[in-house]
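Laboratory data are not the source of any read-out in this text; all were calculated from the coordinates shown. Not measured: the values here are computed from a predicted model. A quick note on method: Cβ atoms are made from the backbone with ideal geometry, for glycine too, and the neighbour counts reach across all protein chains shown.
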Amino acid sequence: MTSEAMRILVIENYGGTDIGEMANTFADRDVVLDVVQAFDGTPLPAGPDRHDGMIVLGGEQNALDDSGSPYFPALLELMRAFDTARRPVLGICLGAQLLARAHGGGNIVGQALEFGYVPVTPTAAGLQDPLASSLDPDVPIFEWHSDTFTLPPGATHLATSAAYENQAYSVGSVSYGTQFHFEVGRTLAERWSTAHSGYLDAKRPGWHQQLAGELEQHEAGARAFCAEFTSRWIDLVAEASTVRDHA
């Protein structure tokens, strides 16, 4: 299957939290996106058969919040089903934490806030990985989280930052998680910070000046990284589809 025919399932876990800058690359590559706003009660697909891959986005809730997000257990099952079917899964921030949980990793909530544009460094394994090798610590990437995770059994650790060891990993047959928000550009950064300004005022005094300066300095480079990372992931999905078609 070529990228022109590719169909990706996108799971939104929180209002106003979409694929951001990834949309440009998906449009350029003629990828069809099916967006499910699971946080709003839209049901999840029963299985992976209609999609070539799956993206699970971030959210304010933590990855253990089954009571507040009662669809989480079904989402974990769907993430595992996609991987078993060799249909790539990409989890971002909360999505990466959920992916870790789905594959037997632990979730650690309520840690120190990591916020703003942060250098992310590939590990030795990351330098050999088709996705993580595009990371450059001289090109900081947006972060906003205070939860983290332990790597699932059999996972490969791909990237780290000064504050959080687990910034990217691969697991299963074709699944990846990134703690960093590579999809964030100015639009999402300003939308989120405006919506949660009270929280930031309490947790990170001076955040407004920090973010304004970092957007000016780093946003363009981060957008270029997003385009490269997204394109590489599309290539991974296409490759997995070709392998399935010839199996």
> Roughly speaking, what is the stretch gain from GLU239 to GLU77, that is 0.36 nm per residue apart minus the C-alpha to C-alpha distance, in nm to one decimal?
Replying inline: 56.0 nm
> To the nearest 20 debye, what charge dipole does region 144-247 have about its Cα centre, counting +1 at the Cβ of each Lys and Arg and -1 at the Cβ of each Asp and Glu?
Replying inline: 140 debye
> Is it possible to state the helix-based mean residue ellipticity at 222 nm for the chain, with each DSSP H run of 4+ residues giving -39500 (n - 2.57), the sum divided by total residues, to the nearest 500 deg cm²/dmol? What is it?
Replying inline: -11500 deg cm²/dmol
> Helix by helix, which DSSP H runs in the chain go 30 Å or more along their axis at the Cα atoms and have an average Kyte-Doolittle hydropathy of -0.5 or more?
Replying inline: 207-245
> Using 7 Å Cα-to-Cβ label points, what is the GLN128/ARG191 separation (nm, one decimal)?
Replying inline: 3.9 nm
> Taking the Cα centre of the chain as the origin, how large is its charge dipole in debye, to the nearest 20, when only Lys and Arg (+1) and Asp and Glu (-1) carry charge on their Cβ atoms?
Replying inline: 400 debye
>> So if I take the alpha carbon set of region 1-111, get Rg, then get Rh from the Kirkwood formula, what is the Rg over Rh ratio?
In response: 0.96
>> For a test of the definition: using alpha carbon positions, the gyration tensor, and the 1.5 limit on a/c, classify region 55-135 as rounded, prolate or oblate.
In response: oblate
>> If I stretch the segment between SER146 and ALA247 completely, what's the gain in nm (0.36 nm per residue apart, minus their alpha carbon distance), one decimal?
In response: 32.2 nm
> Among rounded, prolate and oblate, which fits region 3-245 when a ≥ b ≥ c are the square roots of the eigenvalues of its C-alpha gyration tensor, a/c under 1.5 means rounded, and a/b larger than b/c means prolate?
Replying inline: rounded
>> What distance in nm separates the two pseudo spin-label positions at ASN24 and ALA227, each 7 Å out from Cα along the beta-carbon direction?
In response: 0.5 nm
